[in-house]
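Here's the structure we're looking at; comments come further down.
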Amino acid sequence: MPHSLGWYHTPTPAGFVLHLSATPDHLSAARALVGKTLADAGIDEGLAHAVQLVMSELCGNAVRACGDFVPLVAEVAVEPPQGFGGGAERGVRVRLHDPYRQMLPVLGSVRLDDPEAESGRGLPLVDLLAPGWRVAVTPVGKQVRCRIPAEREIGA
């Protein structure tokens, strides 16, 4: 769905695909779209906030690696209900694609609780909220892929 600000999204059965350039307004709109999409899907507020945080960190890393106005493709997909009767908590899958495959994200050694660190907490935070995230090199760049589990699955 085109937007007058230059980004557009396509709804999917489980979420959306969003094409945008990395600007503060677009990143704010992406965060709002994540929140609305997950609320409409019945995802609980805690999981929705975790997904918004992961998407924000991934977008921020893409901007730091590639520069302002980099073209991004963000995907969000809510997993179908699991278990008998479909009542089990669902996780959310997030993917972010950028065009620079030579700049791969690397999990550093900064601790989340390090009071002296001025940066470097983003990927450890992603790692905490989306354990097992990975990067896939694509013909036109790279895609960071992750799954944010339902809260009760984290640390289980």
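Highest-first packing order for the peptide set 19-29, 68-78, 39-49 is 68-78, 19-29, 39-49, based on the mean count of other beta carbon atoms within 10 Å. Using the Cβ-Cβ distance between Glu45 and Thr12 with R0 = 25 Å, the FRET efficiency computed as 1/(1 + (r/R0)^6) comes to roughly 0.65. Remark on the range 1-75: ratio of C-alpha radius of gyration to 2.2 N^0.38 Å is 1.06.
Read the figures in this text as sums done on the coordinates, not as results from a lab. This structure is a prediction, so every number in the text was calculated from the model and none was measured. FYI the Cβ positions are ideal-geometry reconstructions off the backbone, even for glycines, and counts take in every protein chain you see.
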